[in-house]
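Chemist: This structure is in C-alpha cells; I'll ask about it shortly.
The values are calculated or read from the model by the stated rules, or taken from the named source; none is laboratory data. Worth saying up front: this structure is predicted, and the values here are computed from it rather than measured. Glycine also receives a Cβ, built like all others from the backbone with ideal geometry; neighbour counts cover every protein chain displayed. Each accessible area value is taken on the protein alone, full model and side chains, heavy atoms only, with ligands, DNA and RNA left out. Shrake-Rupley method; radii C 1.70, N 1.55, O 1.52, S 1.80 Å.
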Amino acid sequence: MSVTGLKRIGSAKELAEWRERLNAKAPSAGVSGKRQILVCFGGSCLASGAKEVRDALQVALDLEKLGDRVALVETGCMGPCVMGPVVMIAEDRTFYQGVKPEDASDIIRQHICGGKRVERLLACDAAGKTPAPCRQEMEFFKRQTQVVLRNCGWIDPGKIGETVARDGYAALAKALSGMKPEDVVKEMEISGLRGRGGAGFPTWLKWNFARSSESPDGMRYVLCNADEGDPGAYMDRSVLEGDPHSVIEGMAIAAYAIGARQGYVYVRAEYPLAVE
C-alpha cells in the first residue's frame with residue numbers, strides 16, 4: 001500500500017465529516033444504526049464457544065423478529081478471558097459472563113425486549129455476592145486506563161467505519177495533510193515513545209536512522225514485528241485481532257516519515273485470527 005495511494009482517502013476535513021456522520025447516530029447504535037450486542041470473538045472466547053453463542057443469539061433475535069433492529073457485533077478480545085464467552089449489551093454496557101447458547105433466548109427476551117438484566121449471568125464482586133452489572137463497575141476494569149487496547153472489544157475489527165468513528169486514521173490524515181516527514185519524526189521525539197522491549201529504544205531515533213539511510217534501489221520498507229516469543233503471550237495478538245486498523249495506521253505514518261512505499265507484518269501462522 002503506497003502512501004500516495006492513502007492520500008486518495010480524502011482530506012483530514014473529509015475524514016472528520018465522515019466521523020461526524022457516523023457518530024450522529026445514537027451512541028449505542030454503532031455505525032449500522034442498530035442497537036448492538038457485542039460478542040467477544042477473541043481467541044479464548046472462541047475456544048470456549050463464542051461462535052455457538054453468536055449463532056444462538058441470532059436465532060433468538062430472528063424468533064423475536066428483531067433481526068433488522070439489533071446487530072450482533074463480533075469484537076476483539078474484551079479482556080477477562082477466564083469469564084468467556086462474554087457478551088456486552090452496548091446501550092447500557094451490561095456485561096454477561098460464561099454465556100452458553102441456551103442463555104441466548106433469555107438475553108433477548110428478558111433484556112433486549114423486556115429491559116431487565118439476566119441476573120445469573122452477571123459478574124460479581126470478589127466475595128461473589130454483589131453483582132456488578134455494568135462493565136465500568138467490574139473490578140477487572142475499574143483500575144484500568146486502556147490506551148493501546150482502547151478499541152478492542154468495542155468495534156467490529158473488519159469494518160473500517162467503526163474504527164473511523166472512534167478517531168481511527170485521524171493521526172494519519174493530520175500527518176499527510178499538514179506535516180512534513182521530519183515534523184512527524186520530531187513529534188515522535190516529543191512524545192517520548194520507546195520500544196516496549198528490554199532496550200526501550202526511542203522510536204523517533206529508529207525512524208530517523210531509517211529515513212537517512214541509503215538504499216541501492218531507493219526502496220525502504222516498514223516492518224511490523226508482531227511476533228511473540230513467549231507461549232500464550234497476548235500483547236500484540238490482542239491488537240492485531242481486535243484493532244487491526246491501528247496497526248495499519250501506525251505503519252502508514254511510519255512509512256510517510258521514513259519514505260517507505262511498502263510494509264510487511266511479521267505474524268506467526270499459529271495466530272490465524274490475527275492473520276485474517
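Chemist: With buried (at least 19 other Cβ atoms within 10 Å of the Cβ) and modelled with pLDDT under 90 as the only criterion, which of 15, 38 stands out?
Modeler: Details: 38 fails: modelled with pLDDT under 90.
After applying the criteria, what remains is 15.
Chemist: If a residue has to be out of contact with any Lys or Arg (no Cβ under 9 Å at 6 or more places or on another chain) and open to solvent by 90 Å² or more (accessible area, probe 1.4 Å) to count, how many in the stretch 149-170 make the cut?
Modeler: Count: 1.
Chemist: Quick check on the stretch 208-225: of everything there that is open to solvent by less than 60 Å² (accessible area, probe 1.4 Å) and under 25 Å from the mean Cα position of the chain (by Cα), which residue is nearest to residue 253 (Cα to Cα)?
Modeler: If we take residues in the stretch 208-225 being open to solvent by less than 60 Å² (accessible area, probe 1.4 Å) and under 25 Å from the mean Cα position of the chain (by Cα), then 222 is nearest to residue 253 (Cα to Cα).
Chemist: Please verify whether residue 183 is open to solvent by 60 Å² or more (accessible area, probe 1.4 Å), of a type outside the set (A, V, I, L, M), at pLDDT below 90 and more than 21 Å from the chain's Cα centre (by Cα), treating the condition exactly as stated. Outline the logic, then answer.
Modeler: Details: open to solvent by 60 Å² or more (accessible area, probe 1.4 Å): yes; of a type outside the set (A, V, I, L, M): yes; at pLDDT below 90: no; more than 21 Å from the chain's Cα centre (by Cα): yes.
The answer is no for residue 183.
Chemist: Quick check, is residue 236 in contact with a Ser or Thr (Cβ under 8 Å, 6 or more places away or on another chain), of a type in the set (Asp, Glu) and within 30 Å of residue 47 (Cα to Cα)? I'd like the intermediate steps shown before the answer.
Modeler: Numbers: in contact with a Ser or Thr (Cβ under 8 Å, 6 or more places away or on another chain): no; of a type in the set (Asp, Glu): yes; within 30 Å of residue 47 (Cα to Cα): yes.
In short, no.
Chemist: Within the stretch 55-80, work out how many residues are closer than 27 Å to residue 237 by Cβ and open to solvent by less than 50 Å² (accessible area, probe 1.4 Å). Show your work before the answer.
Modeler: First, the residues of the stretch 55-80 that are closer than 27 Å to residue 237 by Cβ: 55-58, 71-80.
Remaining after also requiring open to solvent by less than 50 Å² (accessible area, probe 1.4 Å): 56-57, 71-73, 75-80.
Qualifying residue count for the region: 11.
Chemist: Let me ask another. Could you pull out every one of the helices (runs of 4 or more DSSP H) wholly within the stretch 170-276 that has 2 or more residues that are in contact (Cβ under 8 Å) with a residue 60 or more places away in the chain? Let's see the steps before the verdict.
Modeler: On the way: elements: 170-178, 181-191, 203-212, 235-242, 244-258, 272-275.
Answer list for the stretch 170-276: 170-178, 181-191, 235-242, 244-258.
Chemist: To continue, here is another question. Within the set of pairs 6 or more residues apart or between chains, which connect a residue that is without any contact (Cβ under 8 Å) to a residue 60 or more places away in the chain inside the stretch 138-159 to a residue that is part of a helix (DSSP H, G or I) and open to solvent by 70 Å² or more (accessible area, probe 1.4 Å) with Cβ atoms less than 9 Å apart?
Modeler: 142/136
Chemist: Starting from the stretch 89-118, take each residue that is within 17 Å of residue 69 (Cβ to Cβ) and open to solvent by less than 60 Å² (accessible area, probe 1.4 Å) and list its partners that are at pLDDT below 95 and among the polar types (S, T, N, Q), counting only C-beta distances under 6 angstrom and pairs at least six apart or across chains.
Modeler: Final answer for the pair search is 90/28; 90/36.
Chemist: Just for the stretch 41-54: of the residues that are open to solvent by 20 Å² or more (accessible area, probe 1.4 Å) and modelled with pLDDT of 90 or more, which one is farthest from residue 158 (Cα to Cα)?
Modeler: 48
Chemist: Moving on to the next point. Against the condition of a type in the set (D, E, K, R) and either within 21 Å of residue 48 (Cβ to Cβ) or not in a helix (DSSP H, G or I) (or both), how does residue 103 come out, does it pass? Full working, then the answer.
Modeler: Numbers: of a type in the set (D, E, K, R): yes; either within 21 Å of residue 48 (Cβ to Cβ) or not in a helix (DSSP H, G or I) (or both): yes.
The answer is yes for residue 103.
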